[in-house]
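Here is the structure we will look at.
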Amino acid sequence: MAATGLRFRPGAIFSGAHAAAHPRTKPHHHHCSPQRMHDARGRCHLMAKSANGRPQISASFRDVAIDGAPSEDGSPDQGGSTVSITVVGASGDLAKKKIFPALFALYYEDCLPEHFTVFGYARSKMSDEELRNMISLTLTCRIDQRENCSDKMEQFLKRCFYQSGQYNSEEGFSELDRKLKEKEAGKVPNRLFYLSIPPNIFVDVVRSASRTASSQDGWTRFIVEKPFGRDSESSGELTRNLKKYLAEEQIFRIDHYLGKELVENLSVLRFSNLVFEPLWSRNYIRNVQLIFSEDFGTEGRGGYFDNYGIIRDIMQNHLLQILALFAMETPVSLDAEDIRNEKVKVLRSMRRLRLEDVVVGQYKGHSKGGKTYPAYVDDPTVPSGSITPTFAAAALFIDNARWDGFRRVPGNLYGRRSVGGGSELDKATNELVLRVQPDEAIYLKINSKVPGLGMRLDSSDLNLLYSERYHAEIPDAYERLLLDAIEGERRLFIRSDELDAAWAIFTPVLADLEAKKVAPELYPYGSRGPVGAHYLAANYNVRWGDITSDT
């Protein structure tokens, strides 16, 4: 289980305000999320309103025709359209465990267009029926049971087909194109390719598929999985090669963390609650921590992981994307380009990471409670003597007007009163915590008086625990991102200049770590990491939070 949290420590107490939908809207389309309402002209709107009734930010975008349902005047939309979703690398773990189940969940929730087809493409020889049997092993009706699950599965599987072929073979994709046209049956074809394959064959697939299996009348889009290169140079080369065959608008670089519910809620929490914006700066926030931890090792994934390490695998993408959303300025609107413009600005204002601001570690084997835990290098898929880090801590700085120069936040009248275990109140700082996973939650740590005649203070939580407040199942991140790709909504996908800015922060320190062969500090498997991480935090008068024991 991976635990991820975002916390920041301000010097003032916050209160929340609820969001309300825009009153002048029509019911949402069946393929749109509840946050997307439509005006009288059928334009989609994303709206956020504060408790004082004033809209904070809003955006509208052209509603993309993705099914053949009649329009309001009863005439078919463009004569009817269809979406064909091809999962390239269909026999791999990601496709089986995440992509096909996400597609089924969207179908189960009636979020896919009326006319759609799913194709698997891989080198393995397989019939349509064998693909369906493989997919069926990972499908679940985890959402609810309002309809017969087995019937829905059977209906979904009937729309799934398979094409075998080499990834660099135009012949294979030409045959796929022929089969897709049969299923599209004269409707306007829209095609989505999900590249669930290693990055070294991205370009081969894009070259072959774009030349022989692109839609001639509708749109064609490609979802590309991370890693997007290993550094600035390789990432830039990958982007240039992809753009030989695709426009930037056709490339959807996916970071599934951006599809997680709490990451989506970060912007809503900040921009639809007026109480936060005046405090969201260096003046009231002492530090921001993004903490990611897992309670398992590589477990056979060492071949992939050892080539990338924890900085490339987690920090440069997942955590940096969350930081960009947290630190960016208020966008002009919720339009994808406006949001991505602000993310690029804040990424470009971050200092290049220096070696002295980084601590790397690698877990070692140890025994606890009669159980033995292996070291990273004990994994048979990991090269002997590897110095690839499995842990990293880094201090990042943003040089702009909002964040440059964190300072001591304002004190308070009760600074000398004891809190909890006898520490001073100014040490027991307020914290706003967003726990992304597991057990999604938002909570605010405040200081309050313990009931009684004395003046003893204690720290407590104002807690929004999702499992208690919201009884609906939280969609998987891949469901949200797949639906956005079908709809052409790009705000949760990474633009090429955003990727360049992200790599520019980490590439220098990655080059130093590898050139100097920096040995990682060893720490016990399952612990909080090496001691050096605490010294790094102490250098900046910071104490690491603990997301595993909160609430």
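Things worth noting here:
- Residue 497 open to solvent by 50 Å² or more (accessible area, probe 1.4 Å) and assigned to a helix (DSSP H, G or I): no
- Looking only at the range 189-208, and only at residues there that are touching an Asp or Glu at 6+ places or on another chain (Cβ under 9 Å) and aliphatic (A, V, I, L, M), the one that is least open to solvent (accessible area, probe 1.4 Å): 195
- Long-range neighbours under 6 Å by Cβ, at least six apart or interchain, first residue farther than 22 Å from residue 490 by Cβ and in a loop (DSSP other than H, G, I, E, B) within the range 264-289, second hydroxyl-bearing (Ser, Thr, Tyr) and open to solvent by 30 Å² or more (accessible area, probe 1.4 Å): 275/15
Table: residues versus (1) under 30 Å from residue 257 (Cβ atoms); (2) over 28 Å from the mean Cα position of the chain (by Cα).
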position: 94; (1), (2): yes, no
position: 100; (1), (2): yes, no
position: 124; (1), (2): yes, yes
position: 138; (1), (2): yes, no
position: 166; (1), (2): no, yes
position: 170; (1), (2): no, yes
position: 182; (1), (2): no, yes
position: 190; (1), (2): yes, no
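- Test: residue 335 is touching a strand residue (DSSP E or B) at 6+ places or on another chain (Cβ under 8 Å), of a type in the set (Asp, Glu), touching a residue at least 40 places away in the same chain (Cβ under 8 Å) and open to solvent by less than 20 Å² (accessible area, probe 1.4 Å): no
- Residue 482 meets the conditions (1) outside any helix (DSSP H, G or I); (2) not polar (S, T, N, Q); (3) not assigned by the TED database to the domain that holds residue 308 in every case but one. The failed one is (1).
- Within the range 310-344, the set of residues being assigned to a helix (DSSP H, G or I) and at pLDDT below 90 comprises 313 only.
- For the range 373-404, filtered to residues that are part of a strand (DSSP E or B) and of a type outside the set (Gly, Ala, Ser), the residue that is least open to solvent (accessible area, probe 1.4 Å) is 398.
- Residue check for residue 121: touching a residue at least 40 places away in the same chain (Cβ under 8 Å), more than 23 Å from residue 217 (Cβ to Cβ) and touching a helix residue (DSSP H, G or I) at 6+ places or on another chain (Cβ under 9 Å): no
- Check on residue 306, assigned to a helix (DSSP H, G or I), charged (D, E, K, R) and more than 24 Å from residue 491 (Cα to Cα): yes
- Filter result for residue 522 (within 19 Å of residue 290 (Cα to Cα) and either hydroxyl-bearing (Ser, Thr, Tyr) or surrounded by fewer than 20 Cβ atoms within 10 Å (Cβ to Cβ) (or both)): no
- The numbered conditions (1) farther than 22 Å from residue 282 by Cα; (2) open to solvent by less than 30 Å² (accessible area, probe 1.4 Å) are all true for residue 307 except (2).
- Scanning the range 153-172 for residues that are part of a helix (DSSP H, G or I) and either surrounded by fewer than 16 Cβ atoms within 10 Å (Cβ to Cβ) or not assigned by the TED database to the domain that holds residue 117 (or both) yields 154, 155, 171.
- Restricting the range 357-372 to residues that are over 30 Å from the mean Cα position of the chain (by Cα) and surrounded by 15 or more Cβ atoms within 10 Å (Cβ to Cβ), the residue that is modelled with the highest pLDDT: 365
- Residue within the range 447-456 that is more than 25 Å from residue 290 (Cα to Cα), of a type outside the set (Ser, Thr, Tyr) and in contact with a Gly (Cβ under 9 Å, 6 or more places away or on another chain) present: no
- Within the range 244-263, considering residues that are of a type in the set (D, E, K, R) and in a loop (DSSP other than H, G, I, E, B), the one most open to solvent (accessible area, probe 1.4 Å): 244
- Per the listing 491, 543, the residue uniquely charged (D, E, K, R) and either surrounded by 16 or more Cβ atoms within 10 Å (Cβ to Cβ) or in contact with a Phe, Trp or Tyr (Cβ under 8 Å, 6 or more places away or on another chain) (or both) is 491.
- Given (1) in a helix (DSSP H, G or I); (2) under 24 Å from residue 313 (Cβ atoms), number of the condition residue 175 does not satisfy: (2)
The values are calculated or read from the model by the stated rules, or taken from the named source; none is laboratory data. Model, not experiment: these values are computed from the prediction. Don't worry about glycine lacking a Cβ; one is built from the backbone with ideal geometry, like all the others, and counts go over all protein chains shown. With ligands, DNA and RNA removed, areas are computed over all heavy atoms of the protein, side chains included. Shrake-Rupley method; radii C 1.70, N 1.55, O 1.52, S 1.80 Å.
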